[in-house]
Amino acid sequence: MFNASLKQLSIQLAGKKISSTELTSEFLQRIQQLNPEYNAFITVNEELSLAQARAADQMIAAGQASPLTGIPIAQKDIFCAKGWLTTCGSKMLSNFVSPYDAGVIERFNQAGAVNIGKTNMDEFAMGSSNETSYYGPVKNPWDHAAVPGGSSGGAACAVAARLACAATGTDTGGSIRQPAALCGISGIKPTYGLVSRYGMIAFASSLDQGGPMAKSAEDLALLLNVMVGFDPRDSTSLQREAEDYARDLQKPLAGLRIGLPKEYFAAGMSNDVASAIEKALDEYRKLGAQTVEISLPNAPLAIPVYYVLAPAEASSNLSRFDGVRYGHRAESYSDLADMYRKSRAQGFGPEVKRRILIGTYVLSHGYYDAYYIKAQKLRRLIAQDFADAYRQCDIIMGPTTPTVAFNLGEKSGDPIQMYLSDIYTSAANLTGMPAMSIPVGFGDKNRPIGLHIIGNYFKEAQMLNVAHQYQLATDWHNQSPV
Amino acid sequence: MQWEIVIGLEVHAQLSTHSKIFSGASTAYGAPPNTQACVIDLALPGVLPVLNKGAVERAIKFGLSVGAKINSPSIFARKNYFYPDLPKGYQISQYELPVVQGGTITIQIDGAEKTIHLTRAHLEEDAGKSLHEDFHGMSGIDLNRAGTPLLEIVSEPDMRSSAEAVSYAKTLHALVRWIGICDGNMQEGSFRCDANVSVRPRGTEKLGTRCEIKNLNSFRFLEKAIDYEARRQIEILEDGGAIRQETRLYDANKDETRTMRTKEDANDYRYFPDPDLLPVEISASWIEQVKSALPELPQARRDRYVAEFGLSAYDAAVLTASRETADYFEAVVKQLPAQAKLCANWIMGDINGQLNKEGIDISACPVNPPQLAALLTRIGDGTISGKAAKTVFESLWNGELDKNVDAIIAAKGLKQISDDSAIEKIVDQVLAANAQQVADYRAGKEKAFNSLVGQIMKATQGKANPAQVNAILKKKLDE
């Protein structure tokens, strides 16, 4: 059962071939058995999950089922879920049980989905390897010596290792797409504003976007149908007519113009990745698409711009974690300033501190114009590059990451090397455009490789169509490490 | 050396919305601690602000009332600093592009008008309260107030004395209440002033180093704090010292200001646009809609009272000190359009005096406008004298005889004697009994006339119409 797609399970549940309670129990059992090795989950709560499964079975019996009813979904520990420990991968929130549900959690609950557990992640989503988590690193199911990517590393591992049918992730600079690529699964970051950020613990507000991670594009479409929707509690949430993201899955790709940014096919990409991407593009040509070379001249600036803006917003977003009202507070302190200092020094890990320092610096008097304002201007230039590119093509493709998964510990001492993991992905966050990763083969040490698909604003249905047609023609997405 | 005091004020007016500026929690005053703080006010992980449109509307209202520019888009920014009663670790405020830019307020000072320019007025959220007592070495935090909408109104350094500052603050206070955006309750902190004070040699242009005095919550404290602070600065300068730029606190008990923090330990607030809130677009049609709902403003009413009723600028200013007073005046004068000055005098004198004495607001005045108008009508038509009117007023105030003016006049026998022949008869009697004074008057002693009037009034128990008495007496004496 655990290898079946969400779509298949959904049909079986609706046809009462299986019950959600059985399905949920099976996944819970796998988690119990395998999570000690993978460390994909921070919190599992059998009681809460099974209660949801029983409720889902009742919904199905009452004929009120929707496609996600009864489906066990792993929730990234960045989403507040009522009654669940919600840590964001940090010691700072290691005692925080959320009294409320995030917008995304509410939508899953309404659909009757089962929260199978809260997944591990880089601390406050700051990282590309899941090594910054207070709860320890997650293993890549394809190779236990490798990182799963980050920050949604637990989510990617959970789906790849079949510990959950699907998972949620969040993506600020590539945190859905990069771990999806490194773990050989599919993941999409929708257009900024489509998925509610209410209750999704903020890293960098103008870049953060939640999205689904699953085994296939078809499953992603079903998940997006639930996750996307206006939320009046999030001022950046977009009010748009509901759409069925699965509606275009079957469209043929003849005539599709795929833009290949020369900047993304330049030095830095390893040979194994390059050849897998080239093969995938060949497959697309066979499906009737044509490829055109395009240029995104400011794309190389995405990383420096990202590492000014994201820390700037983060330094402010993380100020609320002060030990006053909730979260970690130092045991002893001499006065207020000392309480702040010790609580935050103890509660945050080194990567989070580094980003708070960078962010505080770039927002400081005298540096603000040179860093923050400048970065905002460049951000607009990068968006303009994409707008220009979409005049020549319908969709943009390239590698999701420059290399396959690196080894645990390999880059954790070198922040710059680590930051370059997001070299192809962060532009989509800066522009707000939707982007996804799908598995297209294996490279060095038989580690997975992801194809990066960037669409124009609100073109998720088209992107899923493009991904699905590839998945109909290939079976990389069906390969499992377990 | 002659010194000139330069003052600019920053006023925090709490806006009268029912819910907070970024959450749905109530803004009602006085609830038990932390019962009006929702997950957003508590800044739980993951929560987001949603702007209360009513707060923006009130800011627009204010901007239109002072002839300011309304910025669109208007931007919310984060002001970052740590304090336990600031749950997010930043205050959502406005930095660049506040809703209200510029504008002017006209104040009355020594019978003349003066224009005070406004720099800006921006929206922001209030912080919570730290409670340092009752917690044995710890502090309590009450977040009920956190997120309450404030309009911070910043003036240019246009004021030159504490009297001007007080006049400005009072005018502003009246205005925000007048247009219904703030209840103006200073005890509850709905209207708080910070004063920026500096001094410079009279006749020079360059501004002196300023000190900011925080949290002045009464007009009296504002006046005293400025006076103290100006004296302090002048003394330092005259002793050859220099003013240190700092934030000071006014201690009302000691009547002095003292250092709160110096510029050196001032925060770098690291303002930047709040990415959780989109720029606020304020459309021309929204502005138009707010404008059409604005009441006639105090300045317009003042001008109208002078032009339409012939009142002095001073009277017009007193009557427009609050919208309630002005509305009261208009309700009375509507019934006595020819006697505006009489109406004005009674409201400014007897009504205001009695209200002050009993510490009540004109909205709760026991004598309502129709009752006062009925009373003034009886003065106007000669039924009662001005003196008798005071007695009737007292009865009205005390609620006697269902507050019926005519019934009170009748019951108390206050009706004037206005019958010429009746008065003539009494005058004749008094003249006959006071031959000496008649002779004195005729010999040129004007004083004797008043004495004779007194006798006549005494004989009629004060009920004779004084104008008629004067006329008849004069006629008889000059015969």
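A short reminder: the numbers here are calculations on the coordinates, not readings from a lab. Just so we're clear, the structure is a prediction, and the values are computed from it rather than from any experiment. Glycine gets a Cβ as well: all are built from the backbone with ideal geometry, and neighbour counts include every protein chain shown.
The table for this structure:
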quantity	calculated
Rounded to whole Hz, the Karplus (6.51, -1.76, 1.60) HN-Hα couplings of the range A:264-270, x for glycine and proline	8, 10, 9, 3, x, 7, 6
Rh by Kirkwood over Cα pairs, then Stokes-Einstein D for the range B:294-412 at 0.692 mPa s and 37 °C, µm²/s	226
Length gained when the stretch A:SER270-A:GLU243 is fully extended (0.36 nm per residue, less Cα-Cα span)	5.9 nm
Efficiency of FRET between B:SER451 and B:ILE287 - r from beta-carbon atoms, R0 56 angstrom, step 0.05	0.25
The range B:115-170 - Kirkwood radius from inverse mean 1/r over Cα pairs (Å)	14.2
Residues with amide H under 5 Å from that of A:ARG240, placed H, sequence gap 5 or more	A:PHE230
Pairwise FRET efficiency - B:LEU207 versus B:ALA31, Cβ, R0 = 45 Å, nearest 0.05	0.55
For chain A, projected area of the alpha-carbon convex hull averaged over all directions, nm²	21.2
Under 26 Å from A:LYS82, Cα to Cα: lysines that are on another chain or at least 8 residues apart	A:LYS91, A:LYS118, A:LYS189, B:LYS20, B:LYS88
Rg/Rh for the range A:272-407, where both radii come from Cα atoms and Rh is the Kirkwood radius	1.16
Cut-off under 5 Å, modelled amide H: who pairs with A:THR132 long-range	A:GLU123
Loop-located GluC sites (Glu not before Pro) in the range B:93-202 whose Cβ has at most 16 other Cβ within 10 Å (DSSP)	B:GLU96, B:GLU133, B:GLU188
Label-point gap, in nm, between B:GLU4 and B:LYS474 - each point 7 angstrom along Cα→Cβ	5.3
Cα shape, the range A:6-254, gyration tensor, a/c 1.5 rule	rounded
Within chain A, helix-based [θ] at 222 nm, where runs of 4 or more DSSP H residues each add -39,500 (n - 2.57), nearest 500	-11500 deg cm²/dmol
Under Karplus coefficients 6.51, -1.76 and 1.60, residue-wise ³J(HN,Hα) of the range A:88-101 in Hz, glycine/proline x	6, x, 10, 4, 3, 10, 5, 10, 9, 9, 6, x, 8, 9
Surrounding net charge for B:GLN429, when Lys and Arg each add one and Asp and Glu each subtract one, Cβ distance under 14 Å	+1
Rg ratio (alpha-carbon, reference 2.2 N^0.38 Å) - the range A:64-180	1.01
Relative contact order, percent, the range B:420-477 [alpha-carbon distance under 8 Å, six or more residues apart]	43
Candidate aspartates and glutamates - alpha carbon under 19 Å from A:LYS286, same-chain residues fewer than 8 apart omitted	A:GLU278, A:ASP394, A:ASP475
Label point 7 Å beyond Cα of B:ILE236 along Cβ direction - residues of the range B:252-266 with amide nitrogen under 16 Å	B:256-266
Footprinting exposure proxy for B:ILE21, A:ILE73, A:ILE18 (fewest neighbouring C-beta atoms within 10 Å first)	A:ILE18, B:ILE21, A:ILE73
Over 30 Å between alpha carbons, listed pairs A:LYS251/A:LYS279; A:LYS17/A:LYS215; B:LYS61/B:LYS357; A:LYS377/B:LYS291	B:LYS61/B:LYS357; A:LYS377/B:LYS291
Within-13-Å neighbourhood charge of B:SER167 [Cβ basis; K, R +1; D, E -1]	-2
Relative contact order of chain B, defined on C-alpha pairs under 8 angstrom at six or more residues apart (%)	14
Within-14-Å neighbourhood charge of A:GLU243 [Cβ basis; K, R +1; D, E -1]	-1
Neighbour cut-off at most 14 other Cβ (10 Å), DSSP loop, trypsin sites (Lys or Arg not before Pro), the range B:210-267	B:ARG244, B:LYS254
Solution diffusion estimate, µm²/s, Stokes-Einstein, the protein assembly as shown, Kirkwood Rh from C-alpha pairs, 37 °C, viscosity 0.692 mPa s	99
Reachable aspartates and glutamates, given that their alpha-carbon falls under 17 Å from the alpha-carbon of B:LYS476 and they are not under 8 places away in the same chain	B:ASP419, B:ASP420, B:GLU424, B:ASP428, B:ASP440, B:GLU446
Derived scalar couplings ³J(HN,Hα) [the range A:296-306; Karplus, 6.51 cos²θ - 1.76 cosθ + 1.60; whole Hz; x for Gly, Pro]	10, x, 8, 4, x, 7, 4, 5, x, 5, 4
Value of relative contact order over the range B:294-412, rounded to a whole percent, pairs C-alpha under 8 Å and six or more apart	18
DSSP loop trypsin sites (Lys or Arg not before Pro) with at most 12 other Cβ within 10 Å: longest gap in chain A	A:18-390
Exposure proxy order (Cβ contacts within 10 Å, fewest to most) of A:VAL308, A:VAL97	A:VAL97, A:VAL308
